[in-house]
Amino acid sequence: MWTGRFSQATADLVLQYGESISYDWKLYRHDIAGSIAHARAQLNAGMLTQEEFAAIESGLKSILADIEAGNFQWSIKLEDVHMNIESELTRRIGAPGAKLHTARSRNDQVATDTRLYCRAEIDTTMQLLQDMQRALVLKAEEYAEIRIPGYTHLQRAQPVTIGHHLLAYVEMLDRDYARLADCRRRVNVSPLGSGAIAGSTINLNRAAIAEELGFAGVTENSMDAIADRDYIMETLFCLSVIGTHLSRMSEDLVLWSSAEFGFCTLSDAHTTGSSLMPQKKNPDVCELTRGKSGRLYGNLVSVMVAVKGLPLTYNRDLQEDKEPLFDSFETISLALRVNAEMVAAMRINPERCDAAVSDPLLLATDLADYLVRRGVPFRHAHELVGKAVAIAVGSNTPLSQLSLEQFQAISPEYGEDVHSVFNLDRAFQLRTNPGAPNPDNTERRIAYWKQKLA
Ligand code: ARG
């Protein structure tokens with residue numbers, strides 16, 4: 001592609017070191033679409049005859065068909081996907097192929113291809129996010145009113161429900177969806193026409209090319225367009241947050257499926273055994289998801305570090321953007337699919353949940369609220385309940401079983417109806433504010449999600 005100026009062939013090690021075809025071949029569909037749009041703009045500018053354009057278009061389409069059929073020979077001598085396809089085109093159709101690269105550089109070409117790839121993968125990821133949400137909503141509905149302790153510091157805190165807990169993840173994934181939709185707007189701009197750095201003296205219709213490729217507009221500065229990898233960092237950040245959410249859910253499920261908690265049972269199809277211990281049933285999917293979140297952050301950090309010191313505009317360092325990007329999309333896509341399937345197949349064990357949530361200490365805060373309703377300032381109420389808890393724990397008696405006399409010995413503010421606090425129905429019904437784990441809220445939210453995700 002650049003023999004004119006050179007008197008030596010590129011060294012083998014340099015070819016090996018610099019090739020990107022082993023991974024950027026994945027851009028082939030976008031590269032071909034970009035080239036067809038670019039050729040059409042050349043046709044419309046009078047730079048290609050109808051016949052030349054037709055030869056380019058059908059040549060590129062036949063290459064596309066061969067790649068998809070697995071009949072295409074990629075060569076590292078041609079470095080990347082752009083040169084592999086262009087050189088094969090010229091081999092197939094002759095002279096018109098050599099005109100294709102007019103007013104274009106691999107710099108704006110790779111930026112175009114990567115944006116198209118990102119956009120397509122964002123769309124897929126958004127669908128997979130919704131599939132995951134649907135699985136969680138159905139599971140939340142199935143076990144909406146099963147009560148469990150909610151935890152802070154992994155210590156029992158206050159009662160919640162399986163429905164409320166699972167819907168928390170649906171909210172997170174909804175933000176992830178919105179974040180991707182927003183990111184997509186910045187991805188979806190056409191850099192084509194920026195050339196190597198400074199546009200071209202041959203002015204093709206950038207807007208028409210952008211429209212053909214489904215871009216919402218064109219970039220406004222050729223140097224920025226060539227150098228910009230924000231859209232990749234942003235995408236990798238969005239995927240990292242999804243990974244974080246799935247990782248936190250995984251940790252909950254690792255705990256829930258343990259013998260100690262026993263809140264849920266994961267299906268045999270989504271767990272693995274031990275090669276040594278015959279009794280084991282391990283939540284590997286959860287652990288892998290937790291582990292893979294680190295890899296997603298690594299990909300984000302790789303790209304940020306690769307870009308941070310680069311002078312404008314293109315530098316070869318930027319070739320290092322693709323493997324992390326591809327890897328993150330592939331990782332998140334599998335993670336969402338396998339987790340959706342695992343959640344759908346998961347069973348909740350109501351007896352174990354009931355046993356755990358029957359701990360009356362979960363209602364200690366409700367007891368303080370009871371005193372507040374009787375006029376005791378909250379800080380003081382907190383102290384009076386703390387004392388009752390200390391007696392209960394010290395005498396190995398459930399808090400709810402302390403006698404009226406014991407309560408009133410702590411403070412006369414405890415009334416005869418103090419034991420009415422120890423009622424989970426009451427505890428949930430009193431929490432009427434939006435966002436609280438009240439069964440009506442949960443039901444409303446489930447209906448909301450079912451409609452939104454329909
Ligand atoms: N394979 C290159 C990349 O991924 C394409 C752009 C090459 N541009 C260049 N000036 N060498 O970045």
Cβ crowding within 10 Å averaged over residues, with 111-123, 218-230 ranked highest first: 111-123, 218-230
Calculated from backbone phi, Karplus (6.51, -1.76, 1.60) coupling profile of the stretch 396-401 in Hz, x at Gly/Pro: 6, 10, x, 3, 6, 9
Cross-link pairs 61/450; 77/99; 99/322 - those with Cα-Cα distance over 31 Å: 61/450
Hz values of 3J(HN,Hα) by residue in the stretch 258-267 - Karplus curve (6.51, -1.76, 1.60), Gly and Pro given as x: 6, 4, 5, 8, x, 5, 9, 10, 7, 5
Whole-Å distance, taken between Cα centres, linking the stretch 22-57 and the stretch 317-388: 52 Å
Other-chain or far-sequence residues with amide H under 5 Å of residue 272's (modelled H): 282, 284
Cα gyration tensor category, rounded, prolate or oblate, for the stretch 50-111 with a/c compared to 1.5: oblate
Contour excess over end-to-end distance, with Cα ends at residue 76 and residue 175 and 0.36 nm allotted per residue: 31.5 nm
Inter-probe distance in nm under a simple model that places probes 7 Å from Cα toward Cβ, at residue 49 and residue 6: 3.3 nm
Angle between the chain longest axis and helix 378-394 axis [Cα atoms, degrees, rounded to 10]: 70 degrees
Tensor-based shape of the stretch 174-233 (alpha-carbon gyration tensor, a/c under 1.5 rounded, otherwise prolate or oblate): oblate
Residue-by-residue Karplus 3J(HN,Hα) for the stretch 404-409, coefficients 6.51, -1.76, 1.60, Hz, glycine and proline x: 4, 4, 4, 4, 6, 5
Calculated FRET efficiency for the pair residue 131/residue 203, C-beta based, R₀ 41 Å, to 0.05: 0.35
Selection of GluC sites (Glu not before Pro), the stretch 367-454, meeting DSSP coil and at most 15 other Cβ within 10 Å: 416
Shape call, the stretch 125-187: gyration tensor on alpha carbons, a/c limit 1.5: oblate
Amide H contacts under 5 Å for residue 264, placed H, 5+ residues apart: 257, 349
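For residue 323 and residue 224, calculate 0.36 nm times their separation in residues minus their Cα-Cα distance, and state this gained length in nm to one decimal.
33.4 nm
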Chymotrypsin sites (Phe, Trp or Tyr not before Pro) within the stretch 4-40, DSSP loop, no more than 12 other Cβ atoms inside 10 Å: 6
Low-density loop cleavage sites - chymotrypsin sites (Phe, Trp or Tyr not before Pro) in the stretch 263-331, where at most 12 other Cβ are within 10 Å (DSSP): none
Amide H within-cut-off set for residue 148, under 5 Å, with H built and near neighbours excluded: 160, 161, 162
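No lab work stands behind these numbers, since they all come straight from the coordinates. Quantities reported herein were computed from a predicted structural model and do not represent experimental measurements. Note: ideal-geometry Cβ built from the backbone for every residue, glycine included; neighbour counts use all protein chains shown.
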